[in-house]
Amino acid sequence: MTRRTSPGSACVRQITGALLFLGCLSYQGALADGSAWLPEPQTGYASLSVIHQSADEFYRGTEKRPTPGSGHDLSQTTVWMNIEYALADSWSVDVQAGWAKSEFVTGPGIPTASESFSGMTDASVGITWRMTDETTGTLPSIAVRVGGIAAGNYRTGQINSLGDGGNGYEASVIAGKFLNANLGVTGEFGYRRRDNDIPAERFMNASGLLLINETVSLGIDYRVVASRSGLDIGAPGFSPARFPELKEDLESLGLRVFFTFGGTGLSAFHARVLDGRNTAASDISGITASRRFELF
């Protein structure tokens, strides 16, 4: 397929957009974000991210309270590796895996002074098919992504467990478009289902991208995850062993700055959980380094 692109700015938009949104990994869990902006055929991007989240408040049901131990710190640091490769003009595959360490520093009246866990996170493998390409017509770039999720090797049933410990799948529809030479928007709507009695989830990601120049870009990320069923903390039948069965909802907003130098990108971001249910009211910060590569 021959692409119709305007000289100069279109190339910058494609490269910067791909690097930015590939680097925009989900800081809410071990789950990859999709993108309608795919790499050029037979090229890809590899990215490494370090993300730290901490909280001294926790939503017990929908009520926000201090974490157990009168507001002591609940934190997790995760190192993510993500690779996306374009098999053809409208097809790409992505792989994401990581390692994490969590810690819960407890206070008076709690049996242990601190509790720490570490291990491999949940991993995901996905494939994306782009149905329309904004560079060849008036429609936005629209894509469908389906992926599989494999549970990591960690304990569940703790407030600072590294995840819910379930295998499953997710599917989403993604759209993205540059509104002018410097402003791009993208949105993703999807559904996720896992075993281990983990409630099914609907999720939405929306991002905006402002290109300041060929090197610097700014981004804003808004995310929502909503469980379709599940328990509340403290409700009848709940026990710590049933943490994976919680109805966990989350809404967050984040800001990002991105630098790109040829085929290399570096981004930093900070986000805050605005509202939630049975989840930590976390502050989340991270950095991501990305690199373009070719296999053939």
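The values are calculated or read from the model by the stated rules, or taken from the named source; none is laboratory data. Keep in mind that this is a model prediction, so the values were computed, not measured. Quick reminder, even Gly has a Cβ in these numbers, built from the backbone with ideal geometry, and neighbours come from all protein chains shown. Surface areas here come from the heavy atoms of the whole protein model, side chains and all, with no ligands, DNA or RNA. Shrake-Rupley method; radii C 1.70, N 1.55, O 1.52, S 1.80 Å.
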query: Just a yes or no: is a residue in the range 226-243 in a strand (DSSP E or B), closer than 25 Å to Asp122 by Cβ, among the aliphatic types (A, V, I, L, M) and touching a Ser or Thr at 6+ places or on another chain (Cβ under 6 Å)?
result: no
- prompt: Which of the residues spanning the range 209-223 are under 14 Å from Ala271 (Cβ atoms) and open to solvent by less than 40 Å² (accessible area, probe 1.4 Å)?
  reply: Gly219, Asp221, Arg223
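Looking at Gly119, Gly166, Gly148 in this structure, which one is of a type outside the set (D, E, K, R), at pLDDT 90 or above, open to solvent by less than 20 Å² (accessible area, probe 1.4 Å) and part of a strand (DSSP E or B)? I'd like the intermediate steps shown before the answer.
Numbers: Gly166 fails: part of a strand (DSSP E or B); Gly148 fails: open to solvent by less than 20 Å² (accessible area, probe 1.4 Å).
That would be Gly119, the only listed residue that is of a type outside the set (D, E, K, R), at pLDDT 90 or above, open to solvent by less than 20 Å² (accessible area, probe 1.4 Å) and part of a strand (DSSP E or B).
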query: Of everything in the range 93-116 that's in contact with a strand residue (DSSP E or B) (Cβ under 8 Å, 6 or more places away or on another chain), at pLDDT below 90 and of a type in the set (A, V, I, L, M), which residue is surrounded by the fewest Cβ atoms within 10 Å (Cβ to Cβ)?
result: Ala113
query: What residue, among those in the range 189-202 that are within 18 Å of Ala123 (Cα to Cα) and part of a strand (DSSP E or B), is most open to solvent (accessible area, probe 1.4 Å)?
result: Arg193
- line: Of (1) at pLDDT 65 or above; (2) surrounded by 20 or more Cβ atoms within 10 Å (Cβ to Cβ); (3) among the polar types (S, T, N, Q), Thr16 fails just (1)
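If I ask for residues that are over 15 Å from the mean Cα position of the chain (by Cα) and open to solvent by 60 Å² or more (accessible area, probe 1.4 Å), which ones from the range 263-276 would you list? Steps first, answer last, please.
Narrowing the range 263-276 to residues over 15 Å from the mean Cα position of the chain (by Cα): 263-266, 274-276.
Across the range 263-276, the qualifying residues are Leu266, Leu274, Asp275.
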query: If Ala175 passes every condition in (1) within 29 Å of Ala151 (Cα to Cα); (2) open to solvent by less than 20 Å² (accessible area, probe 1.4 Å); (3) outside any loop (DSSP other than H, G, I, E, B) but one, which one does it miss?
result: (2)
query: Quick one: how many residues across the range 62-80 are out of contact with any Phe, Trp or Tyr (no Cβ under 9 Å at 6 or more places or on another chain), at pLDDT 85 or above and open to solvent by 60 Å² or more (accessible area, probe 1.4 Å)?
result: 2
- prompt: Is the range 210-221 home to any residue that is in a strand (DSSP E or B) and under 16 Å from Arg277 (Cβ atoms)?
  reply: no
message: Of the conditions (1) touching a residue at least 24 places away in the same chain (Cβ under 8 Å); (2) surrounded by fewer than 17 Cβ atoms within 10 Å (Cβ to Cβ); (3) touching a strand residue (DSSP E or B) at 6+ places or on another chain (Cβ under 8 Å), Gly157 satisfies every one except a single condition; which number is it?
response: (3)
message: Within the range 124-144, does at least one residue satisfy the condition of being closer than 25 Å to Ala55 by Cβ and not hydroxyl-bearing (Ser, Thr, Tyr)?
response: no
task: Give just the number: which of (1) open to solvent by 40 Å² or more (accessible area, probe 1.4 Å); (2) free of Cβ contacts under 8 Å to residues at least 24 places away in the same chain; (3) in a strand (DSSP E or B) does Ala206 not satisfy?
output: (1)
